[in-house]
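For reference, the structure is listed below as structure tokens.
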Amino acid sequence: MAKKPQVTLHPTKNTENENVRASMIALLQTHLATAIDLSYSAKQAHWNVKGPNFMSVHLLFDSLHEEAEGYVDSIAERLTALGGQAQGTVQAASQNTVLDPYPTDLVDSMGHLKRLADNYARWGSALREGISESDEAGDDLTADLLTGVGRGVDKSLYFLESHFQTE
Ligand SMILES: [Fe+2]
């Protein structure tokens, strides 16, 4: 897991406990960074993939990018709704993501499918931890957001894995 992101708390009439808000903002920052990282990992695959199934994976990777962009916005706006300051730059994302750097020299379609599947599985695991953490903190609304994202991430992992699993 990446280091704990720095937390800024802006004044708000949001009645959630301040300590809970601070811990949820740090948690959401990690997931915001990971969503940004994954969104451009999918674009990297979309732009560079080659192979016999080119068009279908080219389009799949673009749809994964668009889905991840949706997660970026939802996570950032939950974070700011709690009084946080979103760290949404590429530089901040690279500091806070839970993912290993996506290879920039990868071409082969099966390589991209397997590498993206690794990333989705890793984020899915971090999301399950985040759901437990927000649940234990008593922030049902953050737990609900991460649950929705986690459901989408599991589905995307299934789409990716279906290209190389036969049982
Ligand atoms: Fe494109």
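FYI, it's all coordinate maths here, none of it is from the lab. These numbers come from a predicted model, not from an experiment. Quick reminder, even Gly has a Cβ in these numbers, built from the backbone with ideal geometry, and neighbours come from all protein chains shown.
Once the range 38-68 is narrowed to residues that are more than 17 Å from Ser94 (Cβ to Cβ) and of a type in the set (Phe, Trp, Tyr), the residue that is nearest to the chain's Cα centre (by Cα) is Phe61.
For Glu129, only one of the following conditions fails: (1) under 12 Å from the mean Cα position of the chain (by Cα); (2) more than 16 Å from the ligand (Cβ to nearest atom). What is its number? That leaves (1) as the condition not met. Among the residues of this structure, Tyr71 counts as one that is crowded, with 22+ Cβ neighbours inside 10 Å and under 17 Å from the mean Cα position of the chain (by Cα).
Yes/no per residue for (1) more than 22 Å from Ile131 (Cα to Cα); (2) crowded, with 18+ Cβ neighbours inside 10 Å; (3) within 16 Å of the ligand (Cβ to nearest atom):
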{"site": "Ala22", "(1), (2), (3)": "no, no, no"}
{"site": "Asn48", "(1), (2), (3)": "yes, no, yes"}
{"site": "Leu79", "(1), (2), (3)": "no, yes, no"}
{"site": "Ala92", "(1), (2), (3)": "yes, no, no"}
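Residues of the range 27-45 that are more than 16 Å from the ligand (Cβ to nearest atom) and farther than 23 Å from Leu82 by Cα: Leu38 alone. Of all residues in the range 101-113, those that are surrounded by fewer than 17 Cβ atoms within 10 Å (Cβ to Cβ), under 17 Å from the mean Cα position of the chain (by Cα) and in contact (Cβ under 8 Å) with a residue 12 or more places away in the chain total 0. For the range 115-141, a residue qualifies if it is surrounded by 15 or more Cβ atoms within 10 Å (Cβ to Cβ) and farther than 25 Å from Ala42 by Cα, and the qualifying residues are Glu133, Ser134, Asp135, Ala137, Asp139.
Every condition in (1) in contact with an Asp or Glu (Cβ under 8 Å, 6 or more places away or on another chain); (2) under 26 Å from Gly148 (Cβ atoms) holds for Gly51 except the one numbered (2).
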